[in-house]
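Report on the structure given below.
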Amino acid sequence: MKLNNIRTKLSFILSSTPLFLRPFVLSLLITLAACTGIPDNIHPIESFDKNRYLGTWYEIARLDHSFERGLSNVTAEYSEHPDGGLKVINRGLSSVDKTWKYAEGKALFVGDPKVGHLKVSFFGPFYGSYIIFELDKEHYQYAFVTSHNRSYLWLLSRSPHISESLKSHFIETTRTLGFDDQALIFVKQESVQHR
């Protein structure tokens, strides 16, 4: 049923697109679909419990990317979204102008809601993969997260500081999986008031 629905939508999009633009539109659609994929040898966790994931997570480490560059005290707040997914509010303190930057988005399950593979959007109809590939399943105190490729990586924690053993485990695990552990940024987390 889903495959027929996708074919119908794709057929409609292409039939309503001028002939000379069809190759561009088709390649754009393929590229956008690839953004919700999973990198080789990365496996989303199973037995995921959305309700236990809700609440505040502190960003402990990340790979650099433009939309968080220069931010410290970064947190992600997850709450229920009316459509069954998650509402996401990311915030961080800019080192340039010392103001809080906010981004609100939503995350939807790509398939089974018991699998830690979601697609997240902060920009309208454009989604990227959100893949939880390691999680403290007993207490939900830390999570290792990536996206559709190894250019994106986060270590999230329920507290603003983690143990050296967890830090070492994160570095070793991600290095083994092919992430650039030398490029990791460990995020400054200080006690400051959100405005």
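Annotations for the structure displayed:
- Cβ-Cβ FRET estimate between Ser159 and Ser121, R0 fixed at 25 Å, reported to 0.05: 0.35
- Two-decimal Rg/Rh across segment 72-195, once Rg and the Kirkwood Rh are taken from alpha-carbon atoms: 0.95
- Cross-link pairs Lys50/Lys188; Lys87/Lys137; Lys101/Lys188; Lys98/Lys119 - those with Cα-Cα distance over 24 Å: Lys50/Lys188; Lys98/Lys119
- Restricting the trypsin sites (Lys or Arg not before Pro) of segment 63-111 to loop positions (DSSP other than H, G, I, E, B) with no more than 10 neighbouring Cβ atoms within 10 Å leaves Lys98.
- Note that segment 40-195 presents 52 Å² accessible area per residue, ligands and nucleic acids not counted, probe 1.4 Å.
- Carbon plus sulfur fraction of accessible area for segment 65-195, probe 1.4 Å, in percent: 54
- Semi-axes of the equivalent ellipsoid for segment 39-114, Cα gyration tensor, largest first, Å: 26, 16, 11
The values are calculated or read from the model by the stated rules, or taken from the named source; none is laboratory data. The model shown is predicted, which means the values in this text are computed figures rather than measured ones. Please note: Cβ atoms are built from the backbone with ideal geometry, for glycine as well, and neighbour counts cover all protein chains shown. Side chains included, ligands, DNA and RNA excluded: accessible areas come from the protein's heavy atoms. Shrake-Rupley method; radii C 1.70, N 1.55, O 1.52, S 1.80 Å.
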